[in-house]
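I'd like to ask you about the structure that follows.
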Amino acid sequence: MFNKEKIIKLLSEKGWSAYKLCKKANIPQSTVSDILTGKRKNPTAETLAKIADALGVSVNEFFDNEDIPTEEKSIEKLNKTIKENKIETIAAHFEGEDFTDEDIEDIENFIRFILSKKKK
């Protein structure tokens, strides 16, 4: 759940005013004020991204910890899907080149192996 107190804490740590934040984030002062007073309970993702960028933190910093693992899992799942699509696309370039289905599968597995080595 979004927690405005986390933004307030970051502002305090940096010694920033709400006005300085709105200038650095390039968002209206009324928007920052509404967020910090709780009038705006669910700011848009775009607004939070601008605030996070201005403060030099991840948007995750503005949410209670129990929300983060779910969000990270969603991002992880999306990244895995993107990687799998890339692997399939690369392997598809070899189709029709006298490769059997087993050869294509071997190519896909080799790409996965190479990508797993990059993480280490």
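Mind checking which residues of the stretch 23-46 are within 21 Å of the chain's Cα centre (by Cα), over 16 Å from residue 10 (Cα atoms) and surrounded by 15 or more Cβ atoms within 10 Å (Cβ to Cβ)?
27, 43
When you scan the stretch 33-57, how many residues do you find that are under 11 Å from residue 6 (Cβ atoms) and outside any helix (DSSP H, G or I)?
1
Give me the residue from the stretch 90-118 that is of a type in the set (Asp, Glu) and outside any helix (DSSP H, G or I) and, out of that set, modelled with the highest pLDDT. First the steps, then the outcome.
Looking only at the stretch 90-118, we keep the residues that are of a type in the set (Asp, Glu), and these are 95, 97-98, 101-103, 105-106, 108.
Applying the additional criterion that residues be outside any helix (DSSP H, G or I) yields 95, 97-98.
Values: 95: 59, 97: 67, 98: 71.
Top of the filtered list is 98.
Which residues, counting only those in the stretch 12-32, are free of Cβ contacts under 8 Å to residues at least 24 places away in the same chain and either under 14 Å from residue 59 (Cα atoms) or not in a loop (DSSP other than H, G, I, E, B) (or both)?
12, 13, 18, 19, 20, 22, 23, 29, 30, 31, 32
The values are calculated or read from the model by the stated rules, or taken from the named source; none is laboratory data. Source: prediction; values computed, not measured. Glycine gets a Cβ as well: all are built from the backbone with ideal geometry, and neighbour counts include every protein chain shown.
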